[in-house]
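The values are calculated or read from the model by the stated rules, or taken from the named source; none is laboratory data. For clarity, every value in this text was computed on a predicted model and none was experimentally measured. Methodologically, a virtual Cβ is constructed for each residue, glycine included, from the backbone with ideal geometry; neighbour enumeration extends over all protein chains shown.
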Amino acid sequence: MKHALLSSSVILSFVLFLILSQLQSAPLQAQVAAGDETTAEEAADLAATESEESAEKATADEEAADEEAVEAVIETLTIGSVAPPLDIEHWIHDGNGAFGHVTTFEPNKVYIVEFWATWCGPCISSMPHIVQIQKDYADQGVQVVSVSNEPVKTIERFLKRDVPGMRVPADEDDTDEDDTDEDDADEDDADEDDADEEGDEGEGDTDEGGDEGEGKGDADEGDEDEESDDDGMRAVTYRELTSQYCLTSDPDRSTSADYMQAAGQNGIPCAFIVGKDGHIEWIGHPMSMDEPLKSIVTDQWDREAFGTEFVEGQEADVVFRNFVMAMRKGDSEGALKIIDEYIATAKNESRVSQMRMAKLQVLSSDDSLAGEMIAYAKSVIEDEDSDPQLVNLVGWTLYRKAVSGDLDDKDLLSAVLEKAQVAAETIGEMKPFVLDTVAHLQHQLGDKEAAIKTQREAVELADERGKARLQRFLDNLTAEPEEEPEPEEEPESE
């Protein structure tokens, strides 16, 4: 699962990407700085202006708009808000006639409003799960309404594809092959022009779950010729798969504006659960909604408790956006003040940890703040409760400072090495990358033998994607030093 309500790793990647892109600071360790969730708007705002004056004006206008949008996030839609009516243009599936076209929500029924796109790999991967959810809860008053902003024609092309690895007996009819609502079929001609605008498929709403290129690659996996049925089996199309729930198209983006934008959600797939009283109960990745949905249907859901946690996350997002705007202006002091104020008052430990990492990046990227950076690093090392990811980042930052010659303090390097070794035992799936930091520190301190042993363990524990990167450092450590050529003997004198 790649998108789950702004997960810790995603937020951290987003923070670090923006800091690095704005400050052009030294590169970070790959596993920390790889940004999966970044918006094109954030990264390219200032690149398109033709002069300094126009850039300043564009920036000022954008920041004013950003501030208004950020402030509106919490006020507009959150947990406990009344769910906005649905204003959907085209209903492609309606569960084979089992469900009505929803505009307002009926009392004592539960609705799942889910946002997706044909080019979004994680969205497509979630479809079988959504089908199962609809089947399991159909007789308990639950209705799934899946919304794409793409034209009907784009979705229709996608629905013809085969679902990879899914086959059924050949004598099982595809009863839904032509179930598209007649009204929507009539709209195809009207949508023909819209189909030419498929650049809109990379809508700004979606960043989590991979970028547009990744999503398209995943979606294309199902674009295969139908396999032969010599084995008595045939392929299943996405049309058949999704026919069990309501699949819709809303090209004017009104529904997305009412839900995604209003709640400050930037990634798809994203699901909103509307409870029996018509209020928003839960927001998140559809692959994570099983337990909340079960509790909501059985009237055991604690909306207030989840809402408190969710709103804290939205508030953290507001702080983060303010922080980013300060960094855009080159106001490191103001950015640090924003972070420090949040850290002093926030209760959400994971968000506090993320902001502490952002603070370290600001300090380490500005040479004039070197003294403050060292003091901050020492405070993290001395704190028994420091987050392992923050410890890893401190270790890597100090290592790079030592390599560049900006830090000559073996005692400090030894202290962070010891702290990182402890962190490696508690960080879980990130252990290979913390061990990589440990190995670099050991090598920098002159203990090559220990560095080789540690890096070998890191390579063994890493998944296939991480092995190659970690192996490169191990190869460097184990490479035989080049032998110096023996000096040529001088010829004997006669």
Condition set outside any helix (DSSP H, G or I) and in contact (Cβ under 8 Å) with a residue 12 or more places away in the chain, scope segment 413-462, selection nearest to residue 401 (Cα to Cα): answer is 445
Exactly one of 383, 387, 406 is touching a helix residue (DSSP H, G or I) at 6+ places or on another chain (Cβ under 6 Å), modelled with pLDDT under 95 and of a type in the set (Asp, Glu), and that residue is 387
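If we only count helices (runs of 4 or more DSSP H) wholly inside segment 233-351, which ones have 1 or more residues that are surrounded by fewer than 21 Cβ atoms within 10 Å (Cβ to Cβ), at pLDDT below 90 and in contact with a helix residue (DSSP H, G or I) (Cβ under 8 Å, 6 or more places away or on another chain)?
Values: elements: 238-242, 290-297, 303-328, 332-345.
Fully inside segment 233-351 and qualifying: 303-328, 332-345.
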Residue set 333, 309, 291, 315; condition outside the structural domain of residue 261 (by TED's automatic domain parsing) and free of Cβ contacts under 8 Å to residues at least 12 places away in the same chain; output residue 333
If we keep only residues of segment 352-385 that are within 24 Å of the chain's Cα centre (by Cα) and not aliphatic (A, V, I, L, M), then the residue surrounded by the fewest Cβ atoms within 10 Å (Cβ to Cβ) is 353
Restricting attention to segment 105-127, the residues that are surrounded by fewer than 22 Cβ atoms within 10 Å (Cβ to Cβ), within 23 Å of residue 257 (Cα to Cα) and among the charged types (D, E, K, R) number exactly 1
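With the condition kept exactly as written, say whether any residue in segment 177-196 is at pLDDT below 95 and within 28 Å of residue 292 (Cβ to Cβ).
Initially, segment 177-196 is screened for residues at pLDDT below 95, giving 177-196.
Remaining after also requiring within 28 Å of residue 292 (Cβ to Cβ): none.
No, segment 177-196 contains no residue that is at pLDDT below 95 and within 28 Å of residue 292 (Cβ to Cβ).
Does residue 475 qualify as being surrounded by fewer than 15 Cβ atoms within 10 Å (Cβ to Cβ), assigned by TED's automatic domain parsing to the domain that holds residue 395 and farther than 20 Å from residue 393 by Cα?
Working: surrounded by fewer than 15 Cβ atoms within 10 Å (Cβ to Cβ): yes; assigned by TED's automatic domain parsing to the domain that holds residue 395: yes; farther than 20 Å from residue 393 by Cα: yes.
Against the criterion (surrounded by fewer than 15 Cβ atoms within 10 Å (Cβ to Cβ), assigned by TED's automatic domain parsing to the domain that holds residue 395 and farther than 20 Å from residue 393 by Cα), residue 475 qualifies.
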Reported set for segment 293-317 where residues are closer than 27 Å to residue 120 by Cβ and touching an Asp or Glu at 6+ places or on another chain (Cβ under 7 Å) is 296
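Where residues in segment 128-141 are hydrophobic (A, V, I, L, M, F, W, C) and surrounded by fewer than 21 Cβ atoms within 10 Å (Cβ to Cβ), which of them is nearest to residue 241 (Cα to Cα)? Explain how you work it out, then say what you get.
Start the filter on segment 128-141 by keeping residues that are hydrophobic (A, V, I, L, M, F, W, C), which leaves 130-131, 133, 138.
When the remaining residues are screened for being surrounded by fewer than 21 Cβ atoms within 10 Å (Cβ to Cβ), the result is 131, 138.
Values: 131: 7, 138: 16 Å.
Step by step, filter segment 128-141, then rank; the result is 131.
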For segment 88-97, check the following and say yes or no: at least one residue is modelled with pLDDT under 90 and β-branched (Val, Ile, Thr).
no
Considering residues that are touching a residue at least 40 places away in the same chain (Cβ under 8 Å), of a type outside the set (D, E, K, R) and assigned to a helix (DSSP H, G or I), the number found within segment 399-412 is 3
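Identify all residues within segment 101-119 that are part of a loop (DSSP other than H, G, I, E, B) and either more than 18 Å from residue 77 (Cα to Cα) or of a type in the set (Val, Ile, Thr) (or both); write none if there are none.
Taking segment 101-119 as the starting set, the residues that turn out to be part of a loop (DSSP other than H, G, I, E, B) are 101-109, 116-119.
Scanning segment 101-119 gives 101, 102, 103, 104, 106, 107, 108, 109, 116, 117, 118, 119.
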